[in-house]
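Let me begin by presenting the structure, written as C-alpha cells, before commenting on it.
Computed from the coordinates by the stated procedures, all read-outs in this text should not be read as laboratory data. These figures come from a predicted structure and were not determined experimentally. Glycine gets a Cβ as well: all are built from the backbone with ideal geometry, and neighbour counts include every protein chain shown.
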Number of protein chains: 2
Amino acid sequence: MGEVKVLGTFASPFAYRVEWALLHKGIKYEYIDEDLKNKSPLLLKCNPVHKKVPVLLHGEKPIAESLIILEYIDETWKENPLLPQDPLERAKARFWAKFAEDKCFASIRTAVFRSEGKEQKAAVEEFLEALKTLEEELKGKEFFGGESVGFLDLVVGWIPHWLPLFEEMCGLKLLDANTFPSLHAWGDRFLNVPFIKEKLPPSDKLLVRLTNVRKGLLNK
Amino acid sequence: MGEVKVLGTFASPFAYRVEWALLHKGIKYEYIDEDLKNKSPLLLKCNPVHKKVPVLLHGEKPIAESLIILEYIDETWKENPLLPQDPLERAKARFWAKFAEDKCFASIRTAVFRSEGKEQKAAVEEFLEALKTLEEELKGKEFFGGESVGFLDLVVGWIPHWLPLFEEMCGLKLLDANTFPSLHAWGDRFLNVPFIKEKLPPSDKLLVRLTNVRKGLLNK
C-alpha cells in the first residue's frame, strides 16, 4: 500500500493519538508538522471538508478524523490490536470513546479555550461530572483496554499530559488524586508506557502554545 | 446470544436506523416503544449514562448510540454487510456518517427544534452548506453504499422522510430537486427499498409529534 505519513500539529492531542497507534503497531511513518495558521496545500487537498489535522496518508490515500484513523489502522495492521475482538467489547470501547470526546473533551475545551467567568465555571462543572463517569468505568482496571493500552487509552491519552497544563492555564485543580484515584493512577501508568513516553510534546513548549491558542480564541 | 430487542421511540430517526439495519440483515427482534417523558426502568438501566434511545439489547446485553449499534450489528451478523470490506472504504463511510451527524443533523435540529428568527436562519444556512457537500459525495451513485443500501444510507435515512416535515414545520423548502438532484433522486430510491418502506412512521402522526417537540423545546 506504500508509505505512511501523518499530518499533525505540535499541540494537538488528536494527532498524537494517531502517532501512538502507529508506534503501538510498529509501523514506520513520516510525520509532517502543519502550521494551522498557514495550512499546506497538502492538508487542504487531503481534508478538503474539515481542513483539519490529523490526516493519515497511506500510499497517497488520505483518511481524516482521529477515531476513524484509529479504526483504519487497527483494520489495516492486525498486530497488537487496539480494539478487542468481541463485538460487544468493541461496542463498549467505542461508546466510551464517543463519551470521552463529546462530554469530557468538549467541555474542557470550552472551559480552557472558549470561555471565562460564569461560562467557564459551568464548563468545568460539566467536565468534572463527565470525568466522574469515566472514573467509574476505569475502576479496577490497569488500562481502559484491560491489561494493556488499547483504543480508549489512546483516545483519552490527553488527560494525563494536557490536563495538568489546562489546570495551570486556568488556575484550577481538576484531576485530584483523592477524587479520581483510578484515573490518576492510570495516568501515571499511561505516561510510562515506552511508546507513549517517547512521543509526547514537551510540557514547557506545549504550555506556551496552548496559552497562545487561548489568547487568540478569546481575542486577548 | 439470545433475544434481540430495540428500545426506540416513535419520532426518533436514530431508532429507525437500528430497526432498518436489523431488517436488512433479516434478524428478528422485539420493538419496545419508550415514552421519553416517562422513561422506563429498563431504559434507565440499559443506558444509565445518556438515558436515551435507541438501545439494542442482545441477550440482555445493552448497546447504546445508534452508529455504534450499527457497527455492532454488522460485526455480529455478517450477512448483507452494511460497511464495505476494504478498510479505506470503511473509513470513508464512517467519515461521511460523522459528517452527516455533526454537520447536517446538528444544524437542522437547531433550526427546527431550538431556534427562531436570525438564529434559525443561520442554522438553515449551515445545514444547506453541509447538504451541498453531501450532494457532491453522492453524485453518480445509486446509493451512498454503492449499488445497494449500506451504513451511510441508514445514517442519512432521515433526510427523505423527516426533512419534508421539518420543511413544513418551518415554512421552508430545503431539499430542492434542482439544487440537490442526486440527494433528491436517492431519497426516492431509498424510500422505495422494501424494508425501509415497511418501517417508517406515518407522516401525519410524525408531524404532530415533531411539532409538539418543537413547541416543548421552545416553551411555546
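Numerical summary
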quantity	calculated
Footprinting exposure proxy for A:Lys205, B:Lys78 (fewest neighbouring C-beta atoms within 10 Å first)	B:Lys78, A:Lys205
Karplus-derived 3J(HN,Hα), 6.51/-1.76/1.60, for each residue of region A:57-63, Hz, glycine and proline x	10, 10, x, 6, 8, x, 10
Closest Cβ on chain B to the rotation axis that carries it onto A (distance rounded to whole Å)	B:Glu71, 5
For the protein assembly as shown, share of DSSP beta bridges that run antiparallel, in % to the nearest 5	70
Note, ³J(HN,Hα) from phi for region A:112-121, Karplus 6.51, -1.76, 1.60, rounded to Hz, x at Gly and Pro	8, 10, 10, 8, 9, x, 4, 5, 5, 4
For chain B, calculated [θ]222 nm from helices alone, where every DSSP H run of n ≥ 4 adds -39500 (n - 2.57)	-16500 deg cm²/dmol
Whole-Å distance, taken between Cα centres, linking region B:147-203 and region A:49-82	30
Label point 7 Å beyond Cα along the C-beta direction, distances from B:Lys28 to other copies (nm, shortest first)	5.6
Diffusion constant of region B:77-201 at 37 °C, which comes from Stokes-Einstein with the Kirkwood Cα-pair radius and 0.692 mPa s, µm²/s	217
In region B:108-159, chymotrypsin sites (Phe, Trp or Tyr not before Pro) in a DSSP loop with at most 10 other beta-carbon atoms within 10 Å	none
Other copies of A:Ala122: label-to-label distances in nm, shortest first, labels 7 Å along the beta-carbon direction	1.5
Distant-in-sequence amide H partners of A:Tyr31 (H built 1.01 Å from N, under 5 Å)	A:Val6
